[in-house]
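Chemist: I'd like to ask you about the structure that follows.
The values are calculated or read from the model by the stated rules, or taken from the named source; none is laboratory data. On a predicted model such as this, the values are computed, not experimentally measured, just so you know. Cβ placement follows ideal geometry from the backbone for every residue including glycine, while neighbour counts extend to all protein chains displayed.
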Amino acid sequence: MKLFDTLSSTLKEFKPIEKNKVKMYVCGMTVQDVPHAGHLRTFTSFDILRRYLEYKGYEVIYVQNFTDIDDKIINKSKELNIDWRKLAYKYESEYIKYAKIMNFKDVEFYPKATLHIQEIIEIIQSLLNKNFAYISNGNVWFDVEKFERYGKLSKKSLDELISGYRIEPDLSKRKPYDFALWKAYKEGEPYWYSPFSKGRPGWHIECSAMSITHLGKTIDIHGGAEDLIFPHHENEIAQSEAFTGQVFSNFWIHTGFLTIGGEKMSKSTGLFFSAKDLLEHYDPNVIRLFFLKAHYRSPLEFSNELLEDAKNGWYRIKNFLLEFKDEGKIYNDLLNQFELAMDENLNTPKALAIIFEYINLAYKNFDIANDIAFTIRMILNILGFNLDFEVKNNKLEELINFIVEIRQDLRKQRNFEISDKIRNRLKEIGIILEDTKEGTKWKII
């Protein structure tokens, strides 16, 4: 199995540090606002990576954090005149609710930054002791020039960082690209006590502390959306490797943007479609299919047209599975082609094309249709689709058959007025009855 590693900019054969065990940390939401469709896309991608690794026989320890204290949360809480803790809790709860609706597998742990202050302070103190950081006016800054490999993830030199990025000036910094490990207290902000000053942690150190605490000094996979490459993940590498003297992560995996009109979907710009609104309009399986039709590293344009296309695609899959329900066995050609696609950096567009190709084959050769349906169910489970509709459909089928029986009795009693009324009413809701010599048949349209 090969995965694209951002650090080396290559497809690399995946080999975990420990045999049959994968440690994966994914940067989660900063909970200053509602979850949006862009979040769902990123976390769907990592849900599928986790599921496929488990299918390959690995035990996956998946940690996904909540950033529950930072500048954005503080500013939003002031704007709304609400305690920052209540604000963070509200949107943490909201994300977890939509994660369940989207059928994301439960992660090992959702660590929060505010529950790791002691670990953060210990790392910062170690960095000070090693001369990788310095204190100025109560702030603690990471001295970027002391870390020789800085820029290796984003492929940016220090000169490029100065000229190419907007870095907020601070007179207490030695260099404009030095970043905050600890921020001194400002009036009206939350704070904790530390040997450096009364204050709070910087954003980047939070994830390093949570990852190291729960997964160890070196992990297999660290991931997130591509906008985290710089500065967040670049800074995580610098401070973590300066602290431990070890490689922080063997693979860096990043998802492409979900865009609106070519622009990145983002809370900070207000250009986003909320998870709540999206799930009110579309089945979670349709949304998952929509995301999977593009490769996880590619940008994906958010549009009703593409969502409707995914909706039609899902209905085709769903109707096929409802039509061929008899027990089958694994159709090896189909499963092998699926694995080849997924082994090549999770090529989900190709995997979906294979599914539709074999649905077409099944309709041309009924002898293998149930085996193909059986294998597609297996594949859909690996990809995280929720197939509960098949259970619900069995109950619906029993109900329709019962109505058909009542209608048959009415026809025998020559009560055609009521029997026709039943047929017409069912037609209105998409259930077509056809009276034949062999009896009444029905289908859902």
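Chemist: Check off (1) in contact with a strand residue (DSSP E or B) (Cβ under 8 Å, 6 or more places away or on another chain); (2) surrounded by fewer than 18 Cβ atoms within 10 Å (Cβ to Cβ); (3) basic (Lys, Arg) for residue 112 and give me the number that stays unchecked.
Modeler: Result: residue 112 passes all but (2).
Chemist: Oh, and also: Applying the selection to the stretch 188-202, what residues are more than 16 Å from residue 238 (Cβ to Cβ) and either at pLDDT 95 or above or outside the structural domain of residue 232 (by TED's automatic domain parsing) (or both)?
Modeler: 189, 190, 191, 192, 193, 194, 195, 196, 197, 198, 199, 200 - these are the residues of the stretch 188-202 that are more than 16 Å from residue 238 (Cβ to Cβ) and either at pLDDT 95 or above or outside the structural domain of residue 232 (by TED's automatic domain parsing) (or both).
Chemist: Right, next: When residue 227 is evaluated against the numbered criteria (1) without any contact (Cβ under 8 Å) to a residue 60 or more places away in the chain; (2) in contact with a Phe, Trp or Tyr (Cβ under 9 Å, 6 or more places away or on another chain); (3) under 22 Å from residue 25 (Cα atoms); (4) assigned to a loop (DSSP other than H, G, I, E, B), which criterion, by number, is the only one it fails?
Modeler: (4)
Chemist: For residue 245, work out the one condition from (1) closer than 30 Å to residue 129 by Cβ; (2) of a type outside the set (D, E, K, R); (3) in contact (Cβ under 8 Å) with a residue 40 or more places away in the chain it doesn't fulfil.
Modeler: Exception for residue 245: condition (3).
Chemist: Of all residues in the stretch 18-49 being charged (D, E, K, R) and farther than 23 Å from residue 293 by Cα, which is surrounded by the most Cβ atoms within 10 Å (Cβ to Cβ)?
Modeler: Checking each candidate, the answer is 23.
Chemist: Tell me, yes or no, whether the stretch 328-339 has at least one residue that is among the hydrophobic types (A, V, I, L, M, F, W, C), surrounded by fewer than 17 Cβ atoms within 10 Å (Cβ to Cβ) and more than 28 Å from residue 55 (Cα to Cα).
Modeler: no
Chemist: Could you check the stretch 177-188 and list, in sequence order, the residues that are crowded, with 16+ Cβ neighbours inside 10 Å and out of contact with any Ser or Thr (no Cβ under 8 Å at 6 or more places or on another chain)?
Modeler: 177, 178, 179, 180, 181, 183
Chemist: What about residue 173, is it in contact with a strand residue (DSSP E or B) (Cβ under 7 Å, 6 or more places away or on another chain), in a loop (DSSP other than H, G, I, E, B), among the charged types (D, E, K, R) and in the same structural domain as residue 215 (by TED's automatic domain parsing)?
Modeler: yes
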